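So the structure is just underneath, and the comments pick up after that.
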């Protein structure tokens, strides 16, 4: 009798499980014939997946989350509004907040849904290298080696550009345009190399492209090959002088000139070439390189125009070693960092400190900006890093590897903070933070 009862209960359970499986399958495939039961079934059936996802995130935080150290402590002494677009990866998508760094208040929020994330071909490792708010709450956004596009106020893409993949950040030009460095890549996200002839042998290397788009429509206005620019100006030999002949340029910033001055014209570009430790003044209208700027800097980033006779650059003041490259090698990772036993000679006996250098175009001289603050606070990053000099003389610095955001002047430290994450004890890696005073 007991055996028959057990068999009956087993068959009943099997029948209910089959019924439940059929209902879940119907709802998962988009069916709605279950009426009011559709939504509860969707929620309940997704519970195991969501639970596993939460546990997975707790066990291994997203790769853009870094443990927050006990020191240095945050400093908040801002007395004016300083705006920024802060991007963070959470809930399996990229989120962007228009934030006031004075009080961490959020003025607007953009969230990329699954469809938009797929359209950008972006993931947690494909960071948004630079964002910029244009028009009322429209957002220009560039995902590293994936795509660049424009979102409306609700986060819906107005256009996305993929033909050449953006490399590092972008900047707005004087005529409703946007300029950015780019790499030609195949469908597998591998760089398509060009070849140089050395001693009768062909050697692959990564060319870089200067891309100009219409910021309103996303249409191409101009495209320049950096190899061709150098060759046409008698500077092709620079490829041989690079620290890595397989990634000889590493173009990491294009800074457009917005208005005429005694040393440049509106529409000119300043190009930062990390692996050559130099800056080029390039005139797209004629194809000519007007000036080659070398100096006491190494592996720099982020050129900014300060006045009609001065520019600044973020001098990482570091060195790097090459990583193996062959045809089709993936470029998902950057170059390997130099180890402490291979630091540059100027660092021997000194601590490594990055800096911001101001270059005088009239005199051809360099001068550090607020060097004591960099020394006192040990501000240093091997890779990336940027600065913005505000009109009031305060300097904003993004220290990439630590994740710290700084604001200071010659006498005072006004801000030292991390980008918070939803996970306690962790902060989010910064992504070429653009700041402005309203």
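No value in this document is a laboratory result; all are computed from the given coordinates. Here the structure is a predicted model, which means the values were calculated and not measured. Every residue, glycine as well, gets a Cβ built from its backbone with ideal geometry; the counts of neighbours run over all protein chains shown.
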- Which length gain, in nm to one decimal place, applies between residue 134 and residue 214 when the Cα-Cα distance is subtracted from 0.36 nm times their residue separation? 27.5 nm
- Message: Give me the mean projected area, in nm² to one decimal, of the convex hull enclosing the Cα positions of segment 50-175.
- Response: 10.2
- Binned at 5 Å from 0, what are the whole-percent values of the Cα-Cα distance distribution for segment 85-239, short to long? 2, 9, 17, 19, 17, 13, 9, 6, 5, 2, 1, 0, 0
- For segment 81-436, max minus min Cα coordinate along each principal axis, in Å, sorted largest first? 58, 47, 44
- Message: Between residue 71 and residue 186, what is 0.36 nm times their sequence separation minus the Cα-Cα distance? Round to one decimal in nm.
- Response: 37.1 nm
- Item | Packing-based exposure ordering (other Cβ within 10 Å, fewest first) of 213, 258, 230 | 258, 230, 213
- Query: Relative to the present Cα-Cα distance, how much length would full extension add between residue 163 and residue 175 at 0.36 nm per residue of separation?
  - Reply: 2.1 nm
- When ranked by the protection proxy of mean other Cβ atoms within 10 Å per residue, highest first, what sequence do the peptides 249-255, 123-129 form? 249-255, 123-129
- Note on the structure: Final fewest-first order of 98, 159, 406, 432 on the 10 Å Cβ neighbour count is 159, 98, 406, 432
- Item | Separation in nanometres of the label points that stand 7 Å from Cα toward Cβ, at residue 286 and residue 118 | 5.0
- Message: Report the Cα-based extents of segment 259-321 along its three principal axes, largest first, to the nearest Å.
- Response: 37, 24, 15
- With labels modelled as points extended 7 Å from the Cα through the Cβ direction, what inter-label distance (nm, one decimal) is found for residue 105 paired with residue 203? 5.7
- Ranked 259, 137, criterion: other C-beta atoms within 10 Å, fewest first: 259, 137
